[in-house]
Amino acid sequence: MQQHYQRSDSHSSAIVERGIIVQSTFNTVCAIEYLRSHNVQPQIIERVLLHPQQRRQAVH
């Protein structure tokens, strides 16, 4: 059973959310480059861009 945790770091959450928007607006490669430029860990990039069903929910 896989658990989905909420993101609690609002700065990181905003970066990841922007990366998802970049992916939907442009393409996955642009989103990867955006997230890498903000030092997002590769496993997080893979999860949020390639496995959307595994994304964590942002805290609002």
Margin query: Looking at the stretch 12-19, can you tell me whether even one residue there is exposed (fewer than 11 other Cβ atoms within 10 Å of the Cβ) and either modelled with pLDDT of 85 or more or touching a strand residue (DSSP E or B) at 6+ places or on another chain (Cβ under 7 Å) (or both)?
Written below: no
Check: Can you tell which of VAL22, VAL40, VAL29 is at pLDDT 95 or above and in a loop (DSSP other than H, G, I, E, B)?
Finding: VAL40
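Condition check: modelled with pLDDT under 95 and under 12 Å from the mean Cα position of the chain (by Cα). Does GLN57 satisfy that? Full working, then the answer.
Details: modelled with pLDDT under 95: yes; under 12 Å from the mean Cα position of the chain (by Cα): yes.
So GLN57 fits the description; yes.
The values are calculated or read from the model by the stated rules, or taken from the named source; none is laboratory data. Keep in mind the model is a prediction, meaning the values are calculated, not measured. Virtual Cβ from ideal backbone geometry, glycine too; neighbours counted across all protein chains shown.
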